[in-house]
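Accompanying notes for the structure given below.
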Amino acid sequence: MKRIILFSLLIIFSSACTEDWLELEPIGQKLESNYYQTEEEIHSGLIAAYSMLQPKYYSGWSSYYFLANFPSDDAAVVGGGPGDRPEYHEIANFNTVPTNPAILQLWRRNYFGIYRANLVLENANPEKSENLSKYVAEAKFLRAYFYFELIRFFGDVPLITSGLSSDQYNLAKEPAEDVFAQVIKDLTEAVPDLPSKSTLSGNDVYRATKGAANALLGKAYLYMASPYYQQEYDFEKSASEYYTLAAGRFENVINSMEYELESNYDEIWQLSHEHGIESVFEIEYANIDRGGDWGNGRVNGGNIDVQMSGPRGISTDTLLAGWGFDMVTQDLISAYNAEGDSARKYGTAYGEAFLTDIGAEDWEKNEGYTGWFSKKRATWAHLTSDVDPQWNYETNERIIRYADVLLMCAEAYLQSGAGDPLPLVNDVRERASLDPLSSVSMNDIKKERRLELAMEGHRFFDLVRWGDAASELGERGFEQNKHEVFPIPQAEIDNSNGKLKQNENYQ
């Protein structure tokens, strides 16, 4: 049965008079100042932090996945045409401005999550119980995840590790090196107290594990080692040292024997394989039958990106109509065809032949239409309900897969000499029924990452960290030394009274 992550923490704000004799202790109310007194309340605060992984629509179109995928050469933003959700078309065409509402809500999603994780960390004493020790570790994992996302999207960002008083609100950016250091510290400290995946069951399978923390830690080291980050930032260690550190963390995941590749690539994104043997970390979504909420999508538990991705105007018993965004590019389809990679092609995308086979007809083909839709976010009728179905698709986001770990480890091995990348790459290729390689180059790893992880939000960030974004995305408008990061939201600059400065080359 699907798990539903609910926001269970209620914070009530009140004002107080200045005279001491009028200051009364609230009776029957829970304020932030008198919450987090029990293990149960700490747990509620932790679930509140987890809940900020979910939002993709609230007061603006803010999907963290779309904002990662749209700038890549895997995705085409179509919808109803260029006037339909122009903030998404801006992002895809590298015309993003600081007032883009999706950018603002992406920023706030991550800082809301950090705020909630910080509340747990400030109030939970891990020495009091084993449960509290685990909750602290989970909060550190979540804080590290949110900060890692902020670095990837924005570069230098404010670093907040505790509650702020009103005179501390206007914060400047901190160097990404310092934010990376906090990510490394949080994940390193979290690993010992997190559970192994095999110990989780029932409603707890969505929670952070040792494998997830080691994988994310290895990924952070891999980014720090990569050409763009080595050139842009002044890290303490060399690229080779960070590649070696990354390899060690990925080895921990591989040697744990907790994970394997699914035997059938096409099954990875099926409901029956959520939290399966290949899943290292997922964001949970659920069909909760509560209907839509266009004013505040945070309260919904469903994955609205599925609705955004389906074909416009169809009516079938197999697939429901969607809104036609996030189409698969012909460039990606050509890459699959060139490799003879039908398993991953048809596990990633479906085209017009499939739509015809299921009885669809007369679907919309608006400007930019490619003929291919994302199968990883297909609008399967059985994944939602009759009550505002667009809100209730229960397709989880696979944030870290074991195949991703294998390919990241292969990259770290190749660049550091710490191990042999060949068997790792061939394991991934074998699952796709492709011939094994006799040797591995960096170009081989780049190709495998694209074909294996397409339409999962990895491609753009890979191109940036490898220093390949300008050559691969230049025709779409990518400018070197600008578009590696997004603009800082103008509203947040204004809220800081100008203390927060805009990223280079954005107006």
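The values are calculated or read from the model by the stated rules, or taken from the named source; none is laboratory data. Predicted, not measured: the structure shown is a model, and the values here were computed from it. Positions of Cβ are backbone-derived with ideal geometry, glycine not excepted, and every protein chain shown enters the neighbour counts. When the accessible area is computed, the model is the full protein with side chains, heavy atoms only, and any ligands, DNA or RNA have been set aside. Shrake-Rupley method; radii C 1.70, N 1.55, O 1.52, S 1.80 Å.
Scanning region 185-236 for residues that are among the hydrophobic types (A, V, I, L, M, F, W, C) and surrounded by fewer than 17 Cβ atoms within 10 Å (Cβ to Cβ) turns up Leu200, Val205. Among the residues of region 114-130, those identified as open to solvent by less than 20 Å² (accessible area, probe 1.4 Å) and over 18 Å from Lys173 (Cα atoms) are Ala117, Asn118, Leu119, Val120, Ala124. Scanning region 304-322 for residues that are open to solvent by 10 Å² or more (accessible area, probe 1.4 Å) and not in a loop (DSSP other than H, G, I, E, B) yields one hit, Gln307.
Asp178 meets each of the listed conditions (1) closer than 25 Å to Lys482 by Cα; (2) acidic (Asp, Glu); (3) not in a helix (DSSP H, G or I) apart from (3). Can you name the residue in region 242-256 that is over 28 Å from Thr348 (Cβ atoms) and without any contact (Cβ under 8 Å) to a residue 40 or more places away in the chain and is also surrounded by the fewest Cβ atoms within 10 Å (Cβ to Cβ) among such residues? Top of the filtered list is Asn255. Evaluated against (1) surrounded by fewer than 24 Cβ atoms within 10 Å (Cβ to Cβ); (2) in contact (Cβ under 8 Å) with a residue 60 or more places away in the chain; (3) among the hydrophobic types (A, V, I, L, M, F, W, C), Cys409 falls short on exactly one condition, (1). Within region 373-385, the set of residues being touching a strand residue (DSSP E or B) at 6+ places or on another chain (Cβ under 7 Å), more than 16 Å from Ala454 (Cα to Cα) and either open to solvent by less than 20 Å² (accessible area, probe 1.4 Å) or part of a strand (DSSP E or B) (or both) comprises Thr379, Trp380.
Being out of contact with any strand residue (DSSP E or B) (no Cβ under 7 Å at 6 or more places or on another chain) and surrounded by 23 or more Cβ atoms within 10 Å (Cβ to Cβ) is true of Val77. Candidates in region 158-183 are the residues that are open to solvent by less than 60 Å² (accessible area, probe 1.4 Å) and free of Cβ contacts under 8 Å to residues at least 40 places away in the same chain; of these, the one that is nearest to Asn110 (Cα to Cα) is Leu159. Scanning region 82-110 for residues that are open to solvent by 60 Å² or more (accessible area, probe 1.4 Å) and under 15 Å from Ser63 (Cα atoms) yields Arg85, Pro86, Arg108.
Hey, which of the helices (runs of 4 or more DSSP H) in region 326-372, taking only ones fully inside, have at least 2 residues that are of a type in the set (A, V, I, L, M, F, W, C) and open to solvent by 50 Å² or more (accessible area, probe 1.4 Å)?
352-357
Here the condition is being over 26 Å from Val464 (Cα atoms), assigned to a helix (DSSP H, G or I) and modelled with pLDDT under 95; of Ser44, Ser33, it holds for Ser33 alone. Scanning region 465-507 for residues that are in contact with a helix residue (DSSP H, G or I) (Cβ under 7 Å, 6 or more places away or on another chain), aliphatic (A, V, I, L, M) and open to solvent by less than 30 Å² (accessible area, probe 1.4 Å) gives Ala469, Leu473, Val485, Ile488, Leu500. Of all residue pairs spaced 6 or more apart or on separate chains, none has beta-carbon atoms under 7 Å together with a first member in region 192-215 that is over 12 Å from Tyr259 (Cα atoms) and assigned to a loop (DSSP other than H, G, I, E, B) and a second member that is hydroxyl-bearing (Ser, Thr, Tyr) and at pLDDT below 95.
Just to be sure, is Glu241 in a loop (DSSP other than H, G, I, E, B) and either farther than 24 Å from Met455 by Cβ or among the charged types (D, E, K, R) (or both)? Here the answer is no, as Glu241 does not meet what is asked. When Ala172 is tested against (1) out of contact with any Pro (no Cβ under 9 Å at 6 or more places or on another chain); (2) more than 24 Å from Ala124 (Cα to Cα); (3) small (Gly, Ala, Ser), only condition (1) is not met.
Apart from one condition, Ser315 fits all of (1) polar (S, T, N, Q); (2) modelled with pLDDT of 95 or more; (3) over 20 Å from the mean Cα position of the chain (by Cα); the exception is (2).
When region 141-157 is examined, which residues are found to be part of a loop (DSSP other than H, G, I, E, B) and open to solvent by less than 10 Å² (accessible area, probe 1.4 Å)?
Listed by number, the list holds a single entry, Gly155.
Filtering region 260-279 to residues that are assigned to a loop (DSSP other than H, G, I, E, B), in contact (Cβ under 8 Å) with a residue 24 or more places away in the chain and surrounded by 15 or more Cβ atoms within 10 Å (Cβ to Cβ) leaves Leu261, Glu262, Ile268, Trp269, Glu274, His275, Glu278.
Identify, please: which residue in region 386-404 is out of contact with any strand residue (DSSP E or B) (no Cβ under 8 Å at 6 or more places or on another chain), part of a helix (DSSP H, G or I) and not small (Gly, Ala, Ser) and is, among those, surrounded by the most Cβ atoms within 10 Å (Cβ to Cβ)? My answer is Trp391. Any residue at all in region 390-408 that is over 22 Å from the mean Cα position of the chain (by Cα), over 17 Å from Phe70 (Cα atoms) and of a type in the set (Lys, Arg)? No, that holds for no residue.
Any chance region 213-225 includes a residue that's within 17 Å of Met408 (Cβ to Cβ) and of a type in the set (Phe, Trp, Tyr)?
So far as region 213-225 goes, yes, one or more of its residues are within 17 Å of Met408 (Cβ to Cβ) and of a type in the set (Phe, Trp, Tyr).
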